Amino acid sequence: ETGDRAGGGEAQASTRSSMADPIRGRGGREGPVVAGQDPNEPFFISPSEKYYLRALGSDPRKDIADLQADFPLLAGDFQLPELFDPADYFSSVLRVGSPGLHLWTHYDTMDNALVQIVGTKRVVLFPPSDADFLYLKGDKSMVLDIDNPDLSLFPLFNHVHPFQCTLLPGDLLFIPALWFHNVVAHDFSVAVNVFW
């Protein structure tokens with residue numbers, strides 16, 4: 001199903017125009033970039049690869065992403081409406097993606113708000129009741145192409161109940177805990193994801 005935009009935009013996040021400016025030089029800190037030429041090196045990079053940076057910190061696998069701490073020069077340009085008790089705040093992730101970036105169908109264990117700042121992206125949501133039709137492996141669906149699923153491999157996917165929307169700059173999408181979601185960036189995209 002495709003939903004209409006909620007009237008008036010009253011739930012939109014506040015983003016100052018500078019947040020839409022080029023981010024270069026505003027991240028708040030500099031550091032080395034490591035890239036290897038050999039595919040067996042730990043930092044191998046090739047033109048066809050797309051990377052998804054989940055967190056910045058001294059140990060990206062353990063540190064919780066926090067827009068205020070990670071990007072203090074950008075954080076002042078972003079203000080989320082009062083959706084939750086500040087004591088329940090868990091993390092905030094700056095998501096910068098290239099056109100066509102595809103985030104596979106997965107669920108999160110916390111409620112979250114996805115705020116689109118620059119660019120547009122399509123988000124498809126599936127209710128938790130669709131879990132038996134999504135061919136899960138952990139928290140992710142094995143059905144990678146939800147637009148053209150191979151029904152000979154995933155016949156139950158035909159029974160899902162998707163809700164689809166397109167996020168524009170300034171839009172906020174509430175994603176309840178345990179709801180599955182699949183995201184595709186239509187163009188260069190900057191967003192903030194806040195979890196609580």
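We did not get these values from a lab; they are worked out from the coordinates using the rules stated. All of these numbers come straight from a predicted model, not from anything done at the bench. Ideal geometry is used to build each Cβ from the backbone, glycine not excepted, and the neighbour counts take in all protein chains shown.
Assorted remarks:
- Filtered residues of the range 111-147 (kept if of a type in the set (Lys, Arg) and at positive phi): none
- Among residues of the range 130-144, those that are outside any strand (DSSP E or B) and touching a strand residue (DSSP E or B) at 6+ places or on another chain (Cβ under 9 Å), counted: 10
- Selection count where residues are exposed (fewer than 15 other Cβ atoms within 10 Å of the Cβ) and either within 17 Å of the chain's Cα centre (by Cα) or in a loop (DSSP other than H, G, I, E, B) (or both), scope the range 63-82: 4
- Candidate set from the range 83-124 (those that are basic (Lys, Arg) and under 10 Å from the mean Cα position of the chain (by Cα)); member that is farthest from ASP147 (Cα to Cα): ARG95
- Residue match in the range 128-138 (condition: within 15 Å of the chain's Cα centre (by Cα) and either of a type in the set (Gly, Ala, Ser) or under 17 Å from LEU67 (Cβ atoms) (or both)): no
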